[in-house]
Amino acid sequence: MTGETDRAGGAGPVTGPETGPGAPGPAAPDPGATDPAATDLAGPEAAPAPVPVPEAAPAAASAAVLAPVSVPVPAIPILPYSRVVGQEDLKLTLELNFIAPRIGGVLITGQRGTAKSTVVRAFALMSRGELPVTLPINATDDRVLGGWELDALMRGEAREQSGLLEEAHEKGLLYVDEVNLLDDHLVNIILDVVSTGVLSVQREGIAAARHLSFGLVGTMNPEEGGLRPQLLDRFGLMVTAAELDTEARYRMIMTVLTFEEELAEETSVWRADAAAEGATLKNALLAARTALPGVEVGEKIGRLCAEAAGRLSAVGHRGELVTAQAARALAAKEGAARVEPGHVRRVLPFALRHRRPESTHGGTFEWGPDDDARVEDLFG
């Protein structure tokens, strides 16, 4: 990620608490946004057109003598993704899932106040131009799957109403906050649709099957309860939102304060720079998605993924497949022609941390030195 300099002189990418309303709201459509197509380990995918990259503002030394760049105040005041501090693992998993949607979604765990929701919403705005479809904890089957319009029924008319899953198909991303507090049967339905790409509804006079494709991100606080092992396994990648050190906390404070000040300005060099960096990153992610089918996954890499899963006693066989898919997405992101062992090593904790026996039986999700020691010799 690119760095930036705040008004107090701190440099680096920044993460801050959410600024502005947390609920999804209307946003201007992004001409480069696209529904994530189901891209597996083989088969080309037509790439959406890249977005125009706004011209970055000049360096600070010369900015003072030029007219300010005119950037409209955003309708949704969410900290720009390019200005989020730290959380490199979290951001990487979101980007890999965007490049290769067949990974099957990202589960983010962490304590309250660690900017989980902020990063997800900022990523959605950067990559798709609007906030994700958000599934409330108290969502009913009708709201999720679709049903009949109540007002129409009261008038004696039978009119179907689409659910949140179909809306997510249109917008590209479904965000489930506090997924561990959602009814298990709804979580299972959502994960099944993400996995198969098909929503089959057989209820209350409705019999329909719809082909849907969308990215999935769930967040949870382990202090408030966990997910059943069967549901954990259905999430492709899992990542922990990191606690910031003192220096990063300082940068976060100054960046959020700067962002709030810049929102009050009609023209903003700071926001123009953030928009330019976001557009550049989006174009890079779209290019990686296009290149993904051409990235070679050799036999040695396939065996390496299987060996690593075996060393960590991964439950089931989804883990090694997701490891290969995520490693391939990382190679595409870096512009590599083939997957190397280093790519596998980088994504291994994301793909296998929630599939270890201790994790599936209520243990910790942390990835520690003992886990590294089990696979160290595989990577030389």
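Here are a few things to note about the model shown:
Each row is one residue, and each column tells you yes or no for (1) in contact with a strand residue (DSSP E or B) (Cβ under 7 Å, 6 or more places away or on another chain); (2) in contact (Cβ under 8 Å) with a residue 40 or more places away in the chain.
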residue	(1), (2)
L237	yes, yes
D245	no, no
A248	yes, yes
T255	yes, yes
E260	no, yes
L286	no, yes
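- When residues of the stretch 287-304 are limited to those that are small (G, A, S) and assigned to a helix (DSSP H, G or I), the one surrounded by the most Cβ atoms within 10 Å (Cβ to Cβ): A288
- Scanning the stretch 259-268 for residues that are surrounded by fewer than 20 Cβ atoms within 10 Å (Cβ to Cβ) and either within 30 Å of L321 (Cα to Cα) or not acidic (D, E) (or both) yields L263, A264, T267.
- Those residues of the stretch 78-103 which are open to solvent by less than 10 Å² (accessible area, probe 1.4 Å), within 18 Å of V194 (Cβ to Cβ) and over 9 Å from the mean Cα position of the chain (by Cα), in sequence order: I99, A100, I103
- Enumeration of residues in the stretch 269-286 that are open to solvent by less than 30 Å² (accessible area, probe 1.4 Å), under 18 Å from the mean Cα position of the chain (by Cα), more than 30 Å from L378 (Cα to Cα) and not basic (K, R): G278, A279, L286
- Taking the stretch 170-260 as the region of interest, the strands (runs of 3 or more DSSP E) fully inside it that hold 3 or more residues being closer than 30 Å to P357 by Cβ are 173-176, 215-220, 237-240.
- For G316, the stated conditions hold: it is open to solvent by 10 Å² or more (accessible area, probe 1.4 Å), touching a residue at least 40 places away in the same chain (Cβ under 8 Å) and in contact with a helix residue (DSSP H, G or I) (Cβ under 8 Å, 6 or more places away or on another chain).
The rows are residues; the columns are (1) under 21 Å from N97 (Cβ atoms); (2) of a type in the set (A, V, I, L, M, F, W, C); (3) modelled with pLDDT under 95; (4) not in a loop (DSSP other than H, G, I, E, B).
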site: G316; (1), (2), (3), (4): yes, no, yes, no
site: A336; (1), (2), (3), (4): yes, yes, no, no
site: L348; (1), (2), (3), (4): yes, yes, no, yes
site: G362; (1), (2), (3), (4): no, no, yes, no
site: R374; (1), (2), (3), (4): no, no, yes, yes
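- Of the numbered criteria (1) open to solvent by 30 Å² or more (accessible area, probe 1.4 Å); (2) touching a Lys or Arg at 6+ places or on another chain (Cβ under 7 Å); (3) hydrophobic (A, V, I, L, M, F, W, C), the one L321 fails is (2).
- If you go through the stretch 326-345 and keep only what is within 24 Å of L281 (Cα to Cα), open to solvent by 40 Å² or more (accessible area, probe 1.4 Å) and free of Cβ contacts under 8 Å to residues at least 60 places away in the same chain, you end up with E334, G335, A337, R338, E340, G342, R345.
- The C-beta contact set for the stretch 161-184 (first residue under 19 Å from P229 (Cβ atoms) and open to solvent by less than 60 Å² (accessible area, probe 1.4 Å), second residue modelled with pLDDT of 85 or more and among the aromatic types (F, W, Y), distance under 9 angstrom, 6+ apart or interchain) comprises V179/F235.
The values are calculated or read from the model by the stated rules, or taken from the named source; none is laboratory data. Remember, predicted model here, so these are calculated numbers, not experimental data. Note that each Cβ is placed from the backbone with ideal geometry, even for glycine, and that neighbours are counted across all protein chains shown. Calculation scope for accessible area: heavy atoms of the full protein, side chains included, ligands and nucleic acids excluded. Shrake-Rupley method; radii C 1.70, N 1.55, O 1.52, S 1.80 Å.
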